[in-house]
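*Asks:* Structure provided below as structure tokens; questions to follow.
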Amino acid sequence: MRIAMISEHASPLAVLGEEDAGGQNTHVAELAAALAGEGHDVRVYTRRDSPALPEYVASPDGYQVCHVPAGPAQRVPKDDLLPYMGEFGRWLADRWRGDWTPEVAHAHFWMSGLATVHAARRTGVPVVLTYHALGSVKRRHQGTKDTSPRRRIGYERALGRAVDRVIVQCADEMGELVRMGVPRSRMALVPSGVNESVFHPDGPVAPRDPARPRLLTVGRMVERKGFLDVVRALPAVPEAECAVVGGPAADLLPADAFARKLRAAAESCGVADRVKLVGGVPREEMGRWYRSADVLVAAPWYEPFGLTPLEAMACGVPVVGTNVGGIADTVVDGLTGDLVPPRDPRTLGVALRRLLADKVRRFAYATAALDRIRSRYSWKRCAEQLGAVYASVATLGRPAPAVA
Ligand code: UDP
């Protein structure tokens, strides 16, 4: 099939760890590669955010990346991109009326959804949408700190009714959308995959202190990832060290406001000597860090999907995670890891101490986690499931309207 993927701010070619570059970039890159691997003709459309970018780039993984000239050819925070989505959509419609018309367009994130619906209305191309994150959830947890455009929640609700299919990544997201009024019959549950050629149990291991068990926590240096809760749980786990991977590169950490806050919390809890702020590391090195850990701690306040527990599980590492969003689906409580309530350092500390004291249970969790990854979270399986959804909407056979 000819598949267009639209990811306005998150380029599959971006360097991870930069602002606004996280799970969505990885997801789009790996999904595009998996679909190309299944023999589909895939083009990913992302905003041209530097004058140096050519219009088309062939990725080494068999798909094309098209840089769409919408808005300034420079970095713009993703929350400020809304005014350019009409222009983005018109550009797509022009191209799709030309020599390459997709049979389906898969939009990632609500703003891409707006541009894609705009183009689809002019070309008759069926649209599938993955939200990746929902404004209603962000508003609930971040309140006045939420910098999303005011109209986001209303647009997300309208998009749920305008597109042909919504791909939800976890049961929690499905419930949230049903409460927003999106019909359940429009949704298909297809969780993200994990790259098993990058994340596997055998391979090099990051250096660690052999005398101490290692807890690892990974993510962008933002409050909602729950790193402060992990630090506050550490006094209950007296012997363990905790490595924190993510945020700016190590040499820039001293200037990072959140990293400073984390360090101050570690001092005041009396655990500063056991907290190691590693900084951001390239994706290719992430496997070394997961493999160095006895347990991955994923303690976000909320998490639309959460790739890091899956990546750890694929490396054979048990997870203690908060019972939120996608983590509540990926981690099976008492089988591949333990689930605890969010923002509760005391319960987190008890769970960590219990698991670190029980080698047999860690081994059983790791084995079950690997099984779960292999049977449910391969990119091949994800691409096959999405291929079936695309095929079902492509047969809707809507005639292209004759409007300009
Ligand atoms: N990651 C990375 N280097 C880092 C920290 C994170 O490559 O220093 C990757 C991590 O392996 C994962 C992604 O960034 O693939 C984070 O995705 P997740 O869904 O956990 O969080 P998001 O950033 O989307 O909120």
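The values are calculated or read from the model by the stated rules, or taken from the named source; none is laboratory data. Not measured: the values here are computed from a predicted model. Ideal geometry is used to build each Cβ from the backbone, glycine not excepted, and the neighbour counts take in all protein chains shown. Note: accessible area is taken over every heavy atom of the protein model, side chains too, but ligands, DNA and RNA are not part of it. Shrake-Rupley method; radii C 1.70, N 1.55, O 1.52, S 1.80 Å.
*Asks:* Name the residue, out of Tyr63, Tyr56, that is open to solvent by less than 40 Å² (accessible area, probe 1.4 Å), hydroxyl-bearing (Ser, Thr, Tyr), more than 16 Å from the ligand (Cβ to nearest atom) and over 22 Å from Met221 (Cα atoms). Working first, answer last.
*Replies:* Values: Tyr56 fails: open to solvent by less than 40 Å² (accessible area, probe 1.4 Å).
Of Tyr63, Tyr56, the one residue that is open to solvent by less than 40 Å² (accessible area, probe 1.4 Å), hydroxyl-bearing (Ser, Thr, Tyr), more than 16 Å from the ligand (Cβ to nearest atom) and over 22 Å from Met221 (Cα atoms) is Tyr63.
*Asks:* Checking the structure you have, find out if any residue of the stretch 388-395 is under 30 Å from Pro238 (Cα atoms), over 22 Å from the mean Cα position of the chain (by Cα), at pLDDT 95 or above and of a type outside the set (Ser, Thr, Tyr). Walk me through it before giving the result.
*Replies:* Kept after step one, since they are under 30 Å from Pro238 (Cα atoms), are these residues of the stretch 388-395: none.
Looking for residues that are under 30 Å from Pro238 (Cα atoms), over 22 Å from the mean Cα position of the chain (by Cα), at pLDDT 95 or above and of a type outside the set (Ser, Thr, Tyr), one finds none in the stretch 388-395, hence no.
*Asks:* Another question, if that's okay. Kindly establish whether Tyr302 is of a type in the set (Phe, Trp, Tyr), within 16 Å of the ligand (Cβ to nearest atom) and open to solvent by less than 10 Å² (accessible area, probe 1.4 Å). Walk me through it before giving the result.
*Replies:* Working: of a type in the set (Phe, Trp, Tyr): yes; within 16 Å of the ligand (Cβ to nearest atom): yes; open to solvent by less than 10 Å² (accessible area, probe 1.4 Å): no.
Judged against the criteria, Tyr302 is not a match.
*Asks:* Considering only residues of the stretch 225-250 that are within 14 Å of the ligand (Cβ to nearest atom) and surrounded by fewer than 17 Cβ atoms within 10 Å (Cβ to Cβ), which is farthest from the chain's Cα centre (by Cα)? It would help to see each step written out before you state the result.
*Replies:* From the stretch 225-250, those within 14 Å of the ligand (Cβ to nearest atom) are 225-227, 243-250; that's our starting set.
So of that shortlist, the ones also surrounded by fewer than 17 Cβ atoms within 10 Å (Cβ to Cβ) come out as 249-250.
Working: Ala249: 20, Ala250: 23 Å.
Of everything passing the filter in the stretch 225-250, Ala250 is farthest from the chain's Cα centre (by Cα).
*Asks:* I'm checking my understanding of the structure. Among residues of the stretch 266-291 that are of a type in the set (Lys, Arg) and more than 9 Å from the ligand (Cβ to nearest atom), which one is most open to solvent (accessible area, probe 1.4 Å)?
*Replies:* Narrowing the stretch 266-291 to residues of a type in the set (Lys, Arg): 274, 276, 283, 288, 291.
In the following step, the residues that additionally are more than 9 Å from the ligand (Cβ to nearest atom) were identified as 274, 276, 288, 291.
Numbers: Arg274: 23, Lys276: 87, Arg288: 69, Arg291: 41 Å².
Residue satisfying both the conditions and the ranking: Lys276.
To keep it simple, each residue is scored yes or no on (1) modelled with pLDDT of 95 or more; (2) in a helix (DSSP H, G or I); (3) closer than 16 Å to Pro345 by Cα.
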| position | (1), (2), (3) |
| --- | --- |
| Ala259 | yes, yes, no |
| Gly270 | yes, no, yes |
| Leu277 | yes, no, no |
| Val281 | no, no, no |
| Glu284 | no, yes, no |
| Gly287 | yes, yes, no |
| Tyr290 | yes, yes, no |
| Ala293 | yes, no, no |
| Pro309 | yes, yes, no |
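*Asks:* A further question follows. Residues in the stretch 29-53 that are surrounded by 15 or more Cβ atoms within 10 Å (Cβ to Cβ) and among the polar types (S, T, N, Q): how many?
*Replies:* Residues in the stretch 29-53 being surrounded by 15 or more Cβ atoms within 10 Å (Cβ to Cβ) and among the polar types (S, T, N, Q): 1 in total.
*Asks:* Within the stretch 305-338, restricting attention to residues that are of a type in the set (A, V, I, L, M) and in contact with a Pro (Cβ under 9 Å, 6 or more places away or on another chain), which residue is surrounded by the most Cβ atoms within 10 Å (Cβ to Cβ)?
*Replies:* Filtering the stretch 305-338 down to residues of a type in the set (A, V, I, L, M) leaves 307, 310, 312-314, 317, 319-320, 324, 327-328, 331-332, 335.
Subsequent filtering for residues that are in contact with a Pro (Cβ under 9 Å, 6 or more places away or on another chain) retains 310, 312, 314, 317, 319, 324, 327, 331.
Numbers: Leu310: 27, Ala312: 32, Ala314: 26, Val317: 27, Val319: 28, Val324: 24, Ile327: 26, Val331: 29.
Only one residue tops the list, namely Ala312.
*Asks:* Further, regarding this structure: Which ones in the stretch 111-162 are open to solvent by less than 30 Å² (accessible area, probe 1.4 Å) and farther than 20 Å from Pro304 by Cα?
*Replies:* Once the filter is applied, which keeps residues that are open to solvent by less than 30 Å² (accessible area, probe 1.4 Å) and farther than 20 Å from Pro304 by Cα, the stretch 111-162 yields Ala115, Thr116, Val117, Ala119, Ala120, Thr123, Gly124, Val125, Pro126, Val127.
*Asks:* Over 27 Å from Phe227 (Cα atoms) and among the acidic types (Asp, Glu): does that describe Asp333? Before the answer, list the steps.
*Replies:* Values: over 27 Å from Phe227 (Cα atoms): no; among the acidic types (Asp, Glu): yes.
The answer is no for Asp333.
*Asks:* Next up: Return the pairs, sorted by first residue and then second, in which the second residue is open to solvent by 40 Å² or more (accessible area, probe 1.4 Å) and assigned to a strand (DSSP E or B), the first residue lies in the stretch 61-76 and is small (Gly, Ala, Ser), the beta carbons are less than 8 Å apart, and the residues are 6+ apart or on different chains.
*Replies:* Final answer for the pair search is none.
*Asks:* Here's something else I'd like to know. Against the condition touching a residue at least 40 places away in the same chain (Cβ under 8 Å), in a loop (DSSP other than H, G, I, E, B) and either within 16 Å of the ligand (Cβ to nearest atom) or open to solvent by 10 Å² or more (accessible area, probe 1.4 Å) (or both), how does Arg212 come out, does it pass? Can you show your working first?
*Replies:* On the way: touching a residue at least 40 places away in the same chain (Cβ under 8 Å): yes; in a loop (DSSP other than H, G, I, E, B): yes; either within 16 Å of the ligand (Cβ to nearest atom) or open to solvent by 10 Å² or more (accessible area, probe 1.4 Å) (or both): yes.
Yes: the conditions hold for Arg212.
*Asks:* List the strands (runs of 3 or more DSSP E) that sit entirely inside the stretch 5-85 and contain at least 3 residues that are in contact with a helix residue (DSSP H, G or I) (Cβ under 7 Å, 6 or more places away or on another chain). Spell out the reasoning first.
*Replies:* Values: elements: 41-47, 56-58, 64-68.
Result: 41-47.
*Asks:* Among the numbered criteria (1) assigned to a loop (DSSP other than H, G, I, E, B); (2) hydrophobic (A, V, I, L, M, F, W, C); (3) under 22 Å from Gln24 (Cα atoms), which one does Leu129 miss?
*Replies:* With (1) assigned to a loop (DSSP other than H, G, I, E, B); (2) hydrophobic (A, V, I, L, M, F, W, C); (3) under 22 Å from Gln24 (Cα atoms) applied to Leu129, the lone miss is (1).
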